[in-house]
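Nothing in this text is a laboratory measurement; each read-out follows from the coordinates by a stated rule. Worth saying up front: this structure is predicted, and the values here are computed from it rather than measured. Cβ sites come from the backbone with ideal geometry, for glycine too, and all protein chains shown count toward neighbours.
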Amino acid sequence: MDLNHYQQAARSTARYPDVGSNPIYPTLGLSGESGEVADKVKKVLRDRGGIFDAEVKEALKLELGDVLWYVAQLASELGFSLEEVAQANVDKLASRASRGKLSGSGDHR
């Protein structure tokens, strides 16, 4: 599945206030879902000795799907395709790599 096809399919399931003019809702959802991913990883360290078995990986896959859904909704709310967002990220990283700036912090390095 390509990113834009996913974005269109995910958009058809969007049910939140003011879909089409509400970037706040998917931003909050993205924050919550990424926190759930982090919490599951934390519990792997605490409860499973850092072992990511098949059960944990499957649970993380589902949570990552939720993260992706909210990224897709936020991109849609802002008028971007996921392909556009992905290409901008790859271009940014390639620029940093060519300038030896992959380390450090800040978007504009």
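Within the chain, how many lysine pairs that are 8 or more places apart, or on different chains, have C-alpha atoms less than 25 Å apart?
Values: Lys40/Lys57; Lys40/Lys61; Lys42/Lys57; Lys42/Lys61; Lys43/Lys57; Lys43/Lys61; Lys92/Lys101.
Within the chain, the lysine pair count is 7.
Hey, if you put +1 on the Cβ of every Lys and Arg and -1 on every Asp and Glu Cβ in the chain, which of Tyr16, Leu68, Tyr6 ends up farthest toward the positive end of that dipole? Positive-most Cα among the choices belongs to Leu68. Converting phi to 3J(HN,Hα) with the Karplus coefficients 6.51, -1.76 and 1.60 and the offset θ = phi - 60°, region 95-102 yields 5, 4, 4, 5, 9, x, 10, 5 Hz in sequence order, with x at every glycine or proline.
Grab the DSSP H runs of the chain that are 4 residues or longer, score each as -39,500 (n - 2.57), total them, divide by all residues and round the 222 nm result to the nearest 500 deg cm²/dmol. Numbers along the way, then the final one.
Values: 4 runs with 74 residues, N = 109.
After summing the helix terms and dividing by residue count, I get -23000 deg cm²/dmol.
Can you grab the distance from the C-alpha centre of region 81-107 to the C-alpha centre of region 1-76, Å, no decimals? Computed from Cα coordinates, the inter-centre distance equals 22 Å. For the chain, a/c is not less than 1.5, where a ≥ b ≥ c are the root eigenvalues of the C-alpha gyration tensor, and a/b does not top b/c. That puts it in the oblate class.
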